[in-house]
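Presented below is the structure to which this report refers.
The values are calculated or read from the model by the stated rules, or taken from the named source; none is laboratory data. The model shown is predicted, which means the values in this text are computed figures rather than measured ones. Cβ placement follows ideal geometry from the backbone for every residue including glycine, while neighbour counts extend to all protein chains displayed. Just the protein is used for accessible areas: all its heavy atoms, side chains included, with ligands, DNA and RNA removed. Shrake-Rupley method; radii C 1.70, N 1.55, O 1.52, S 1.80 Å.
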Amino acid sequence: MAEVQGQHGHSAACCSIPPIVAKGYQEKGRYETIGGLKTYVTGPKDATKALLYIFDIFGYFPQSVQGADILATSDKDNKYQVFMPDWFEGKPADISWYETFSKPPAHPPQTASKVPSFLKEVEKANPSIKTWGVIGFCWGGKIVSLTASVANTPFKAAAECHPAMVDPSDAEGIKIPLCMLASKDEPKEDVEKFEKNLKGEKHVEIFADQIHGWMAARADLEDGRVKEEYERGYRTLLEFFAKYL
């Protein structure tokens, strides 16, 4: 496992992430209703690979939408349709609650059980999709663990970013390639045990000077260091999915 505070090089020249927008980001995708859920959709409609983006408990924040757009089109050799459903049905957590909330607006196992039917609804409208990957942030990381660890998982590769509720026992059933990008706030011992229990290919890294949420709603993109590591996090995801999806 890598624990990184400084920048390090990447070999994938294919990835060309556009300049990160700190404020006033304009989304490149559109909102559709899929399976009864408002869903942000971005990326070329003829893409054969798709990513399910499970946002954090704060919902459609610009930092998350920008991340979805980055994943959709920043790799010239691998284009993805990215789908970001609103599992909270318009009732996400208020970001001002961060230090005080006791439970997320939706229970991870209940949400995980809805994932297969949602993917089927997406495929009905997008028959070009042949392969799925999944990325979860914060609360969404737990849903990735739950859906990637079942024997008939619909996903070929998975990623968790600053995941909440890291449980090393979840990793024991995960046999597909998995990328975990942890922050300084996740228990290091749990992250290390999780990595040890993974059965398949893996990339586990701790961004040791970043807070829980630095790739999603809590990212302060006006801070140069956060912006740099936000971009590096998404570049790492692109390289991972290029290799395994």
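Only one item in (1) 17.1, 50; (2) 18.3, 65; (3) 16.3, 44 matches Rg and Dmax of the Cα atoms in Å derived from the coordinates shown, and that item is (3). Taken over the stretch 178-229, the alpha-carbon convex hull comes to 68 cubic angstrom per residue. Once you reduce the stretch 137-158 and the stretch 199-222 to the center of their Cα atoms, the two points are 17 Å from each other.
Subtracting the Cα-Cα distance of ASP185 and THR48 from 0.36 nm times their residue separation leaves 45.7 nm of extension gain.
At 20 °C and 1.002 mPa s, grab the translational diffusion coefficient of the stretch 16-142 from Stokes-Einstein with a Kirkwood Rh over Cα pairs, rounded to a whole number in µm² per second. Walk me through the numbers on the way to the answer.
Numbers: Rh = 15.1 Å.
So the translational diffusion coefficient is about 142 µm²/s.
To put it simply, the accessible area of the chain at a 1.4 Å probe is 50 percent carbon and sulfur.
Computing FRET efficiency as 1/(1 + (r/R0)^6) for ALA242 and ALA208, where r is the C-beta to C-beta distance and R0 is 30 Å, gives about 0.75. The protection proxy used here, the mean number of other Cβ atoms lying within 10 Å of each residue, ranks peptides 204-212, 16-24 as follows, highest first: 204-212, 16-24.
All Cα-Cα separations within the stretch 29-74 were binned at 5 Å from zero, giving a P(r) of 5, 20, 32, 28, 13, 3, 0, each value a whole percent of the pairs. Treat each spin label as a single point 7 Å out from the Cα along the C-beta direction, and report the LYS124 to LYS199 distance in nm. Output for this residue pair reads 3.3 nm.
Restricting attention to the chain, close to 25% of DSSP beta bridges with both partner residues there are antiparallel.
Suppose every Lys and Arg Cβ carries +1 and every Asp and Glu Cβ carries -1, with no other charges. What dipole size does the stretch 68-200 come out with about its Cα centre, to the nearest 20 debye? Don't skip to the answer; put the middle values down first.
On the way: 16 positive and 19 negative charges, 108 e Å.
The calculation lands at about 520 debye.
Averaged per residue, the stretch 145-245 has 38 square angstrom of accessible surface, using a 1.4 angstrom probe with ligands and nucleic acids left out. Under a Gaussian network description of the chain, with springs only between Cα atoms under 10 Å, the residue in THR111, THR147, THR42 that fluctuates furthest is THR111. Ellipticity at 222 nm from helices only: DSSP H runs of n ≥ 4 in the chain, each -39500 (n - 2.57), divided by the residue count, give -9500 deg cm²/dmol. Rolling a 1.4 Å probe across all protein chains gives LYS175 an accessible area of roughly 140 Å². Membrane-span-like helices in the chain (whole DSSP H runs, Cα extent of at least 24 Å along the helix axis, mean Kyte-Doolittle hydropathy of at least -1.0): 108-125. Annotation: peptides 193-203, 228-238, ranked by per-residue average of other Cβ atoms within 10 Å with the highest first, follow the order 228-238, 193-203.
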